[in-house]
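The structure appears below as C-alpha cells.
The values are calculated or read from the model by the stated rules, or taken from the named source; none is laboratory data. As the structure is a computational prediction, the values presented were derived from the model and not from experiment. So basically every Cβ, Gly included, is an ideal-geometry build from the backbone, and we count neighbours across all protein chains shown. Note: accessible area is taken over every heavy atom of the protein model, side chains too, but ligands, DNA and RNA are not part of it. Shrake-Rupley method; radii C 1.70, N 1.55, O 1.52, S 1.80 Å.
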Amino acid sequence: MSVEAKLGPVGQIPLGEGRAFLVGDEPVAVFRPRSGGLYALRAICPHRGGPLADGLTDGEVVMCPLHHHQFALADGTCRTGADDVAAYRATEEDGELVVRLG
Amino acid sequence: MTQIAERPETEQTTPPRSRLVVVGNGMSGARALEEILARGGGDRFAITVFGDEPYGNYNRILLSEVLANAAGSVVDNEDADDEIYLNPLDWYADNGITLHAGVRIVRIDRHAKVVLGDDGSVTPYDTLVLATGSRSFFPPMEGMWASRTALTRGVFGFRSLDDATSMLAHVKDHRTAVVIGGGLLGLEAAAGLQAHGVAVHVVHPTEVLMNQQLEAEASKVLRSKLQDRGMHMHLGVKTSEILTENGSVSGVRFTDGSDLACDMVVVTAGIRPNIGLAMVSGLETQRAIVVDDKMRSVDDDDIYVVGECAQHRGEVYGVVGPLWEQAAVLADVVTGADPDAEYHGSRLATKLKVAGVDVAQMGVKTPERSSDEFVQFSETGRGVYQTVVIRDGTLIGATLVGDVSKVAALTQAFDSRSALPEERIQLLFDLGSADDSSAVADLPDDTQICNCNGVSKGDLIACVEHGAESVSACTAQTRAGKGCGSCKGLVKEVVEAALGGAGAEDPADSYYVPGIPLDKPTLMREIRARELKSVSAVFAALAPEGREHVGSKMGLTALLRMMWPDDVVDERDGRFINDRVHANIQRDGTFSVVPRMSGGVTSPEQLRRIADVAEKHEIPMVKLTGGQRIDLLGVPKEKLQEVWADLDMPSGWAYGKSFRTVKTCVGTDFCRFGLGDSTQLGIDLEERYKGVEGPAKMKLAVSGCPRNCAESMVKDVGLVAVEGGEWQIYVGGAAGATIRKGDILATVDSHEEAIRLTGRFLQYYREHANWLERTYDFVPRMGLEYLQAVIVDDTEGIAAELDARMQETVDRYSDPWAADQQERTPGQFHDALPLVPLPQVPVR
C-alpha cells in the first residue's frame, strides 16, 4: 500500500532544518539540507522515541536531540549503533512538498 | 592404664571401609572434613569426629559478632540455622559422619591405632586427623582463678561460644570491663563489649596495639581512632593482680601499684596451641605439633595435623587463610586425590574491622634490609595510615589503617608478585587521570566504560577490530564519552591500548570541532581574517570539501556568537533545538521553562504569577532546581511562547552552553554569621552576565562566609566572603559528573572588583577553552598560576581588552523569550511529533 501526500510549500521547512508532518497515520520528519535535496524519515527515533525533526542535520545525517544517535538522511541507517529508522521519498513538485510512503 | 574396650558393633558388621577419625571440631577440623568429603572421602572412609565443645562446629571469626549482638540470640544450640554454625548437626548425619560432641580424647595409642576418650571409649583409626586448635592463654596472676578449673566470677576468656555467651549474660548488669591484651582478639572483644554500653579499658603490655600485625606508627593511628570512639587505653603497663570482692571481680592492679575498678575482666593475652594430647602420645611438639609438607606428624605417617595446633617449617598460624590451604593439602593426600600435594607455608594477609576501623595487613610490617623500599603515608587527622614495603621490585608487605580501598589491588600484587607502578605511591592512590594503562588492560571485556551510554570495553575493542583508527572514530560509532563525559580519559586509554599502544596520536583531539581540522586559536584567526560570520560560511571556507558536519554546528555557532556579538549571521539550523526555542528538551519531546530569578531571590508576587501560569497551562511538574530557581516541566513546544508571555519574566538560560545562575546564601541581610552581602553580589553578577554564551555552561555561587552554604567552592566561579571585607574568588570547581574543588584565583576587597575579575575570567575562558570544556578541565589545563598572571596581574597586557569584549557582550544582551515572541523561522514552535502518543514521562 502506498500513500502519497502533498504537504504544502517547501518553504515551510527552513533551510538546514527539519519539520514534522503526518502522512496518513505515519509521523514523518522532512529535512531540507543546505547542500540540496529533500529527505524524509519516520519522525520518531527508534532508540528512545526522540523527535528527529528537532535534530541538527548536515548533508548526510540527522542527529536525534535526545541522545545524539545519527541516522543517514538517504536511507535511515543508524551510524551509531541503534536500530535503523524507516526512510521515505520526499520530492518537490511545483514548489510543493510531496512525501510517499511504501 | 590402657583399657581394652569393646569395639562398636558396627565395626564388626560393615565391610572394611578405612576408618578416619578427626579429633577437634573447630574451624580447621570442619574444613578438613569438608575438603575430604569434596574429594569423595565419604565413600572411602567411615568417619568419626570428636569435639570437646557440645556443639556442631562454628565460625570462630564471628564470635566477636556474637558478642556485639543482643544477648541470647545465639545461645540456643538448637538454632542450627544461625550462621555462626559452619555445619549444623544434621550435616554430620547427612554425610554419614559419627559425631561425638562433648567427648575429649585424652590419649592416642599409636601402636594399637586407637584413640581413648574421657568417657572411657576406645575408637580405632586407620587415619587420624588432629585439629585440636588452641586455647586462651591465662597469664599467671593472683585472683584469676576461683578453683583449679574455674575462673573467678567475672573473668572470661574469649575463645569459645561458651565464653561469648557467658560474657553476654554477664554484661547485662555490669558496667566496666577491663580487657587484658590489646591484640586482634582483645580489640574485637573490647568493641563487642562497647556495643553493649559497657565502659571498656584495654590493657596492653607494650605501646603497640595489635603488635602481631602492626608496627608502631600504624598502631598509633589505630589507637587514636579507638580512643575517639571512647575506648580507654592503658599501654605499656601490665596487670599484676585481679582484685576480688566476695568472690567476684572488683578491679585490677597494675605492676606500678595503681588500681582500676571494674566488674568484668576479659583475658585475651594470646593463644596456646592444644598440644597436650600429642605430647602424651609421643608426637614431636615444639610450639605446636611438628608436621611435614604433607601435613603429617613427623613421627607418624597415619597422623595428620591441621590448623592452629600444627607447626609447619617453624610457623604456627593463628588466622584462617593458612588453615584453608592446609586443609586442602591434607585432603589431597589423605584421599589420594593428589598424593604428591604439598603445603609450602602461607603468605599472611589480614583484613578486618576493629571497632569500626578498617585494618588490612599483609607480609612484613617494616623494611628489613637496607635495600628495601618503604612508602609511607600518614594522615592522622583523618585516621589514615598506609605503608608498603617493596623488595627487588616486588611487594612484600603492606599495612592499611583507616582506608583500605586499595587492598584488593595490593593483595593481588602481593600474591602474584606482579610488576609494580614506577611511581610507588600509585599503589596507595589513584592519581587523577594517571595513565594507569595496566589497569585498563586488566579490565574484563564486559566492563562498562561509559556509564551514560552503556558502552563496554569489548564494544570499543570491537570498534577498533572493525577498522576504527582513532579515539574519535570509536566514540563517534559507540557514543562512548558522549554522555556526561567523565569517562573520556578511560575511553581514550582503552582505544589506544586496542590500537597498539600510545603510538596512535589522534590529530582530531586538538580540533575545536571535529568537522574542521583546526585548533581553536587557528580557527579563530581564520574566522577573523576571512570575516566568516555564519556557520555555513565557516564550513564553506574551512571544512574539507566545504562539507557541513552535524556534530560541529553547535560549537561553531557558540564560537561565532562570542566572536561577533554585533553582527553574527543568525542561522537557526546551526543551533541545537534548545537554542532554537530557548528551552530544555525533555525525554518525551516536551520542554522545561526556567525563568531568571537572580541570586535565587523571589517575591510573593512572582510566585503567585508562576503558580497561576502553572495552573493555567496544566504544567505537569513544578520543581526547584539546584541553582535556586523554579522549573516548569513538561511544556509542549507550541505552548512555549504563550507560557513566556504569561510569566512575563526573562529567560533563565537553563538550556544553553551559557552563564546559567548564581546561587547565593542569605549573607549579611539575615544570617548572623554573614561577613559579606552575598545575596546582593550574586544578584549583581547574574544581572550583568546573564545569558553570556561560552564553550560550556557556567554555574556560579556566592557565599557570605566560609561556611560556604552556597557551595561556592564547587562552582565554575564561586565567591566566598572572608573576614576583613574581602572576597575569595574560586575558579574551576565542579560537583557534577566530576567533583573538583575550585582554586583561588584572587582575593579582592570590593564587589566591583569581584564582578570585574569574574567577567575577565569568563571572557578568557570563552576565548580559550575548547568546545564543551568545563572550567574544571580548563583551569588545570591552563594552570592556576598562569591564569592568575594573565587575569589578575595582567602580565600579557590584555586585561583591558578582555574587559572591553565582555562589556560588548553584556551591552548586546537581549532576552530571547521577549525577542522570539515573533516566530524567527517558519514553524519554529511547531510540534516535532504530531499526534502520536509518545512515551509519557510519569508525573507525580
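Output the number of residues of segment A:49-60 satisfying the condition of being open to solvent by 50 Å² or more (accessible area, probe 1.4 Å) and either at the interface with chain B (Cβ under 7 Å from one of its Cβ atoms) or on the phi > 0 side of the Ramachandran plot (or both).
Taking segment A:49-60 and keeping what is open to solvent by 50 Å² or more (accessible area, probe 1.4 Å), we get A:60.
The next check asks that each one be either at the interface with chain B (Cβ under 7 Å from one of its Cβ atoms) or on the phi > 0 side of the Ramachandran plot (or both); those that pass are none.
So the answer is 0.
Just for segment B:85-124: of the residues that are at pLDDT 90 or above and among the acidic types (D, E), which one is nearest to B:V280 (Cα to Cα)?
B:D109
I'd like to verify a number: residues in segment B:513-542 that are facing chain A (nearest Cβ under 10 Å) and open to solvent by less than 20 Å² (accessible area, probe 1.4 Å), how many?
Qualifying residue count, segment B:513-542: 3.
Residues checked against (1) without any contact (Cβ under 8 Å) to a residue 40 or more places away in the chain; (2) open to solvent by 30 Å² or more (accessible area, probe 1.4 Å); (3) among the aromatic types (F, W, Y); (4) in contact with a Ser or Thr (Cβ under 9 Å, 6 or more places away or on another chain):
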position	(1), (2), (3), (4)
B:D340	yes, yes, no, no
B:H344	no, yes, no, no
B:A360	no, no, no, yes
B:G381	yes, yes, no, no
B:I396	yes, no, no, no
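Test A:R100 against the criterion of being touching a Ser or Thr at 6+ places or on another chain (Cβ under 7 Å) and more than 8 Å from every other protein chain (Cβ to nearest Cβ), and give yes or no. Walk me through it before giving the result.
Details: touching a Ser or Thr at 6+ places or on another chain (Cβ under 7 Å): yes; more than 8 Å from every other protein chain (Cβ to nearest Cβ): yes.
It is true that A:R100 is touching a Ser or Thr at 6+ places or on another chain (Cβ under 7 Å) and more than 8 Å from every other protein chain (Cβ to nearest Cβ).
Would you confirm whether any residue within segment B:576-585 is farther than 28 Å from B:D684 by Cα and more than 11 Å from chain A (Cβ to nearest Cβ)? Working first, answer last.
Looking only at segment B:576-585, we keep the residues that are farther than 28 Å from B:D684 by Cα, and these are B:576-577, B:585.
Subset that is more than 11 Å from chain A (Cβ to nearest Cβ): none.
Within segment B:576-585, none of the residues are farther than 28 Å from B:D684 by Cα and more than 11 Å from chain A (Cβ to nearest Cβ).
In segment B:467-479, is there at least one residue being within 14 Å of chain A (Cβ to nearest Cβ), in a loop (DSSP other than H, G, I, E, B), in contact with a Ser or Thr (Cβ under 8 Å, 6 or more places away or on another chain) and under 25 Å from B:T557 (Cα atoms)?
Taking every residue of segment B:467-479 in turn, at least one turns out to be within 14 Å of chain A (Cβ to nearest Cβ), in a loop (DSSP other than H, G, I, E, B), in contact with a Ser or Thr (Cβ under 8 Å, 6 or more places away or on another chain) and under 25 Å from B:T557 (Cα atoms).
Kindly list the number of the only condition in (1) in a loop (DSSP other than H, G, I, E, B); (2) over 26 Å from B:R159 (Cα atoms); (3) touching an Asp or Glu at 6+ places or on another chain (Cβ under 9 Å) that fails for B:G345.
Failed condition: (2).
Mind counting the residues in segment B:803-821 that are among the aliphatic types (A, V, I, L, M) and closer than 14 Å to B:G694 by Cα? I'd like the intermediate steps shown before the answer.
As a first pass, look at segment B:803-821 and keep what is among the aliphatic types (A, V, I, L, M): B:804, B:806, B:810, B:818-819.
Right, trim to closer than 14 Å to B:G694 by Cα and you get B:806, B:810.
The qualifying residues number 2.
Just checking, how many residues over segment B:639-669 are part of a helix (DSSP H, G or I) and within 12 Å of B:C709 (Cβ to Cβ)?
Within segment B:639-669, the first condition is being part of a helix (DSSP H, G or I), and the residues that meet it are B:639-647, B:667-669.
Then keep just the ones that are within 12 Å of B:C709 (Cβ to Cβ); that gives B:667.
So the answer is 1.
Looking at segment B:703-746, which of the residues that are of a type in the set (A, V, I, L, M) and over 32 Å from the mean Cα position of the chain (by Cα) is modelled with the lowest pLDDT? Let's see the steps before the verdict.
Filtering segment B:703-746 down to residues of a type in the set (A, V, I, L, M) leaves B:710, B:713-714, B:717, B:719-722, B:729, B:731, B:734-735, B:737, B:739, B:744-746.
Within this subset, residues satisfying the condition of being over 32 Å from the mean Cα position of the chain (by Cα) are B:721-722, B:746.
Values: B:A721: 94, B:V722: 91, B:A746: 95.
Here the residue is B:V722.
Can you pull out the residues in segment B:586-602 that are open to solvent by 20 Å² or more (accessible area, probe 1.4 Å) and at pLDDT 95 or above? Walk me through it before giving the result.
If we filter segment B:586-602 for residues that are open to solvent by 20 Å² or more (accessible area, probe 1.4 Å), which is where we start, we get B:586-588, B:590, B:596, B:600-602.
Those that are open to solvent by 20 Å² or more (accessible area, probe 1.4 Å) and at pLDDT 95 or above: B:R596, B:G600, B:V601, B:T602.
Taking the conditions exactly as written (at pLDDT below 80, on the phi > 0 side of the Ramachandran plot and open to solvent by less than 30 Å² (accessible area, probe 1.4 Å)), does B:G481 satisfy them or not? Steps first, please.
Details: at pLDDT below 80: no; on the phi > 0 side of the Ramachandran plot: yes; open to solvent by less than 30 Å² (accessible area, probe 1.4 Å): yes.
It is false that B:G481 is at pLDDT below 80, on the phi > 0 side of the Ramachandran plot and open to solvent by less than 30 Å² (accessible area, probe 1.4 Å).
Of the residues B:D162, B:D82, B:D173, which is part of a loop (DSSP other than H, G, I, E, B), at pLDDT below 90, of a type in the set (D, E, K, R) and open to solvent by 60 Å² or more (accessible area, probe 1.4 Å)? Steps first, answer last, please.
Details: B:D162 fails: part of a loop (DSSP other than H, G, I, E, B); B:D82 fails: open to solvent by 60 Å² or more (accessible area, probe 1.4 Å).
After applying the criteria, what remains is B:D173.
When you go through (1) surrounded by fewer than 23 Cβ atoms within 10 Å (Cβ to Cβ); (2) without any contact (Cβ under 8 Å) to a residue 60 or more places away in the chain; (3) assigned by TED's automatic domain parsing to the domain that holds B:A754; (4) not small (G, A, S) one by one for B:L700, which number turns out not to apply?
With (1) surrounded by fewer than 23 Cβ atoms within 10 Å (Cβ to Cβ); (2) without any contact (Cβ under 8 Å) to a residue 60 or more places away in the chain; (3) assigned by TED's automatic domain parsing to the domain that holds B:A754; (4) not small (G, A, S) applied to B:L700, the lone miss is (1).
Please verify whether B:R760 is modelled with pLDDT of 95 or more and either assigned to a helix (DSSP H, G or I) or open to solvent by 10 Å² or more (accessible area, probe 1.4 Å) (or both), treating the condition exactly as stated. Spell out how you get there, then give the answer.
Numbers: modelled with pLDDT of 95 or more: yes; either assigned to a helix (DSSP H, G or I) or open to solvent by 10 Å² or more (accessible area, probe 1.4 Å) (or both): yes.
Yes, satisfied.
So which residues in segment A:32-47 are surrounded by fewer than 21 Cβ atoms within 10 Å (Cβ to Cβ) and at the interface with chain B (Cβ under 7 Å from one of its Cβ atoms)?
Within segment A:32-47, A:R34, A:S35 meet the criteria.
State all residues of segment B:333-362 that are farther than 30 Å from B:L193 by Cα and among the small types (G, A, S); if no residue qualifies, say none.
Here is the first cut: in segment B:333-362, the residues farther than 30 Å from B:L193 by Cα are B:333-347.
Selection gives B:G336, B:A337, B:A341, B:G345, B:S346.
Taking the conditions exactly as written (within 27 Å of B:N451 (Cα to Cα), touching a strand residue (DSSP E or B) at 6+ places or on another chain (Cβ under 6 Å) and among the basic types (K, R)), does A:R79 satisfy them or not?
Numbers: within 27 Å of B:N451 (Cα to Cα): yes; touching a strand residue (DSSP E or B) at 6+ places or on another chain (Cβ under 6 Å): yes; among the basic types (K, R): yes.
Judged against the criteria, A:R79 is a match.
Considering each residue of segment B:307-337, count those that are assigned to a helix (DSSP H, G or I) and either open to solvent by 10 Å² or more (accessible area, probe 1.4 Å) or of a type in the set (S, T, N, Q) (or both), and give that number.
13
Show the residue pairs meeting these rules: Cβ distance below 9 Å; 6+ apart or different chains; first residue within segment A:5-20 and facing chain B (nearest Cβ under 7 Å) and buried (at least 18 other Cβ atoms within 10 Å of the Cβ); second residue of a type in the set (F, W, Y) and part of a strand (DSSP E or B).
A:G16/A:F31; A:E17/A:F31; A:R19/A:F31
Hey, among B:A278, B:A199, which residue is of a type in the set (A, V, I, L, M, F, W, C) and open to solvent by 30 Å² or more (accessible area, probe 1.4 Å)? It would help to see each step written out before you state the result.
On the way: B:A278 fails: open to solvent by 30 Å² or more (accessible area, probe 1.4 Å).
Result: B:A199 is the single residue among B:A278, B:A199 that is of a type in the set (A, V, I, L, M, F, W, C) and open to solvent by 30 Å² or more (accessible area, probe 1.4 Å).
Would a scan of segment B:774-795 turn up a residue that is within 44 Å of the chain's Cα centre (by Cα), of a type in the set (S, T, Y) and open to solvent by less than 40 Å² (accessible area, probe 1.4 Å)? Give the steps one after another, and end with the answer.
First pass over segment B:774-795, keeping only residues within 44 Å of the chain's Cα centre (by Cα): B:774-795.
If we keep only those that are of a type in the set (S, T, Y) too, we end up with B:775-776, B:786, B:795.
Among the residues that remain, those that are also open to solvent by less than 40 Å² (accessible area, probe 1.4 Å) are: B:775-776.
The answer is yes; a qualifying residue exists.
Among the residues of segment B:603-637, write down those that are exposed (fewer than 14 other Cβ atoms within 10 Å of the Cβ) and of a type in the set (D, E, K, R). Walk me through how you get there before you give the answer.
To start, the set of residues in segment B:603-637 that are exposed (fewer than 14 other Cβ atoms within 10 Å of the Cβ) comprises B:603-605, B:607-608, B:611-612, B:615-616, B:618, B:623-624, B:626.
Correct list: B:E605, B:R608, B:D612, B:E615, B:K616, B:E618, B:K623.
Please verify whether B:S510 is out of contact with any helix residue (DSSP H, G or I) (no Cβ under 6 Å at 6 or more places or on another chain), away from chain A (no Cβ under 14 Å), touching a residue at least 60 places away in the same chain (Cβ under 8 Å) and surrounded by fewer than 17 Cβ atoms within 10 Å (Cβ to Cβ), treating the condition exactly as stated. Spell out the reasoning first.
Details: out of contact with any helix residue (DSSP H, G or I) (no Cβ under 6 Å at 6 or more places or on another chain): yes; away from chain A (no Cβ under 14 Å): yes; touching a residue at least 60 places away in the same chain (Cβ under 8 Å): no; surrounded by fewer than 17 Cβ atoms within 10 Å (Cβ to Cβ): yes.
It is false that B:S510 is out of contact with any helix residue (DSSP H, G or I) (no Cβ under 6 Å at 6 or more places or on another chain), away from chain A (no Cβ under 14 Å), touching a residue at least 60 places away in the same chain (Cβ under 8 Å) and surrounded by fewer than 17 Cβ atoms within 10 Å (Cβ to Cβ).
Tell me, which residue of segment B:546-575 that is charged (D, E, K, R) and surrounded by fewer than 19 Cβ atoms within 10 Å (Cβ to Cβ) is farthest from the other protein chains (Cβ to nearest Cβ)? Let's see the steps before the verdict.
At the first step, the residues of segment B:546-575 found to be charged (D, E, K, R) are B:547-548, B:553, B:561, B:566-567, B:570-573, B:575.
Now narrow it down to the ones that are surrounded by fewer than 19 Cβ atoms within 10 Å (Cβ to Cβ): B:547, B:566-567, B:570, B:572.
Values: B:R547: 7, B:D566: 23, B:D567: 20, B:D570: 12, B:R572: 6 Å.
Step by step, filter segment B:546-575, then rank; the result is B:D566.
Run B:A800 past the list (1) open to solvent by 50 Å² or more (accessible area, probe 1.4 Å); (2) more than 14 Å from chain A (Cβ to nearest Cβ); (3) at pLDDT below 95 and report the number of the one that doesn't hold.
The single condition B:A800 does not satisfy is (3).
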